[in-house]
Amino acid sequence: MSVREILEKRRSVRHYDSNYKVSSEMLASLIESASKSPNGNNIQATRYLIIDDPHLRDLLLPIAFNQQQVTEASALIVVLGDYQAFEKENIINIHEEGFQKGFFDASLRDYLASAAINYYANKSKEDLTIELTRDASLASMSLLLLANEAGLETITMSGYDSEQLKSTLHISERYLDVMLIAIGKGIKDGHKTVRHDVNKVIYKNKIQ
Ligand SMILES: Cc1cc2nc3c(=O)[nH]c(=O)nc-3n(C[C@H](O)[C@H](O)[C@H](O)COP(=O)(O)O)c2cc1C
């Protein structure tokens, strides 16, 4: 299926076959490809916390306002951003790795690393949160496309209590929880949804 076909057919699915298994290898393969998504300065800040413990899933159910996909879907992933990815050491290491692999020369390595370090140097926590959200959102959409291409259904969720989720899963302040993604075999199609006419969302040169 082409990307366009997947986008035309994809729906958020809220009912899953709880007996259907998606293997750890399959999930890792989908995440590996999703992590090829563009990300700011290639600092690779997005993390994927897979919740496969049924007890934890049960605990998360009320935290996610009893959305049954939390327990019924084959996979539940908490998509996170890692604030530590902005640290100088991470930025230098990533660019050094690219240099060692022969992807660019030493002068481009140094230029890219220092440009990234300077870019984040004066950013507020709020700015960094937006950076993490951008990167995690792009990777999440890639993961949805890949899962749909593999014949699975998905739903992204922000409908959960962030503080309770972080405390239940012992997620420290190092991480920003961006969204939940459930993946599995749907047993009921997601309802169709409308979209604005394209002319309502395109503006040229100015927007009011
Ligand atoms: C960031 C984000 C959070 C969402 N959170 C929820 C959620 O908590 N529960 C839910 O049922 N749907 C959730 N959705 C799904 C949207 O309702 C859905 O994408 C939208 O209605 C369009 O429908 P479609 O995905 O089937 O095209 C979320 C979608 C996004 C992008």
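The values are calculated or read from the model by the stated rules, or taken from the named source; none is laboratory data. Bear in mind the structure is a predicted one, so any value in this text is a computation, not a measurement. Methodologically, a virtual Cβ is constructed for each residue, glycine included, from the backbone with ideal geometry; neighbour enumeration extends over all protein chains shown. For the accessible areas, the whole protein counts, side chains as well, though only heavy atoms, and no ligand, DNA or RNA atoms are used. Shrake-Rupley method; radii C 1.70, N 1.55, O 1.52, S 1.80 Å.
Mean projection of the Cα convex hull over all viewing directions, computed for the range 1-56: 6.0 nm². Per residue, the convex hull spanned by the Cα atoms of the range 98-142 measures out at 82 cubic angstrom.
Ellipticity at 222 nm from helices only: DSSP H runs of n ≥ 4 in the chain, each -39500 (n - 2.57), divided by the residue count, give -14000 deg cm²/dmol. Normalised by 2.2 N^0.38 Å, where N is the number of residues, the alpha-carbon radius of gyration of the range 18-86 equals 1.28. Principal axis analysis of the Cα atoms in the chain yields extents of 54, 45, 37 Å, listed in decreasing size.
With the charge dipole of the range 125-188 set up from +1 on Lys and Arg Cβ and -1 on Asp and Glu Cβ about the Cα centre, the Cα lying farthest toward the positive end among the listed residues ALA147, VAL178, SER137 is that of ALA147.
Restricting the range 112-202 to trypsin sites (Lys or Arg not before Pro) that sit in a DSSP loop and have at most 12 other Cβ atoms within 10 Å of their own Cβ leaves ARG174, LYS188, LYS192, ARG195. Which net charge results when you count Lys and Arg as +1 and Asp and Glu as -1 among the other residues whose beta-carbon is under 10 Å from that of GLY184? Charge balance near GLY184 sits at -1. Cα-based radius of gyration for the range 37-155, normalised by 2.2 N^0.38 Å, reads 1.31. Starting from a Cα-only point model with no solvent, please compute log10 I(q)/I(0) by Debye for the range 166-208 at q = 0.13, 0.15, 0.18, 0.20 1/Å. Taken in order of the listed q values, log10 I(q)/I(0) reads -0.73, -0.81, -0.81, -0.82. Surface composition of the chain: carbon plus sulfur atoms hold 51% of the accessible area, using a 1.4 angstrom probe and ignoring ligands, DNA and RNA. Separation of the range 76-118 and the range 1-74, taken as the distance between their Cα centroids, equals 26 angstrom.
Taking max minus min of the alpha-carbon positions on each principal axis, the range 73-121 gives extents of 47, 27, 13 Å, largest first.
Its Cα centre serving as origin, the chain has a Cβ charge dipole (Lys and Arg +1, Asp and Glu -1) of approximately 880 debye. State the dimensionless ratio Rg/Rh of the range 107-176 (Rg: radius of gyration of Cα atoms; Rh: Kirkwood radius). The Rg/Rh ratio comes out at 1.10. Scalar couplings 3J(HN,Hα) for the range 132-147, obtained by applying the Karplus form with A = 6.51, B = -1.76, C = 1.60 to θ = phi - 60°, are 5, 5, 4, 5, 5, 5, 5, 5, 5, 5, 4, 4, 4, 4, 5, 5 Hz; x denotes Gly and Pro.
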